[in-house]
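Worksheet: one structure, shown below.
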Amino acid sequence: MAYPLICCGSPSCITGAIKVSTPAQPLAYTDAEVSSLLRVSKRTVYRLRKSGVLRAIHIGRAVRIPAEALAKFLEQAAPNQGQEGAL
């Protein structure tokens, strides 16, 4: 079975290769990445996951927090953010 060639986007890549763009934002984050983004401890992220407030997925033994779950968590954490007159 022949697999298609994947291009890194470099001008020197061979022709006929499939160009793959990397997403601007990751699809999922580790606990460490989320703790760094939110500027909280990894233990806080772990507690949020265990309590069900922050949804996580398991990929084998690895735990990842989907970007959409993090966005939903942030929206629920600050529902009045951005509304006129909200403090």
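The values are calculated or read from the model by the stated rules, or taken from the named source; none is laboratory data. Keep in mind the model is a prediction, meaning the values are calculated, not measured. As a convention, Cβ positions derive from the backbone with ideal geometry for all residues, glycine included, and neighbour counts pool all protein chains shown.
At pLDDT 70 or above, in a helix (DSSP H, G or I) and surrounded by 10 or more Cβ atoms within 10 Å (Cβ to Cβ): does that describe L37? Spelling it out, L37 is indeed at pLDDT 70 or above, in a helix (DSSP H, G or I) and surrounded by 10 or more Cβ atoms within 10 Å (Cβ to Cβ). Considering (1) closer than 23 Å to A24 by Cβ; (2) over 14 Å from the mean Cα position of the chain (by Cα), say which one R43 fails and leave the rest. All conditions are met except number (1).
Considering the stretch 51-82, the residues that are more than 17 Å from Q25 (Cβ to Cβ) and of a type in the set (G, A, S) include one that is modelled with the lowest pLDDT, namely G82. Within the stretch 41-50, one or more residues are in a loop (DSSP other than H, G, I, E, B) and modelled with pLDDT of 95 or more. Residue-level check: of (1) at pLDDT 60 or above; (2) touching a Cys at 6+ places or on another chain (Cβ under 8 Å); (3) not charged (D, E, K, R), I18 misses just (1).
Note on the stretch 56-73: residues that are surrounded by 13 or more Cβ atoms within 10 Å (Cβ to Cβ), out of contact with any strand residue (DSSP E or B) (no Cβ under 7 Å at 6 or more places or on another chain) and of a type outside the set (V, I, T) amount to 3.
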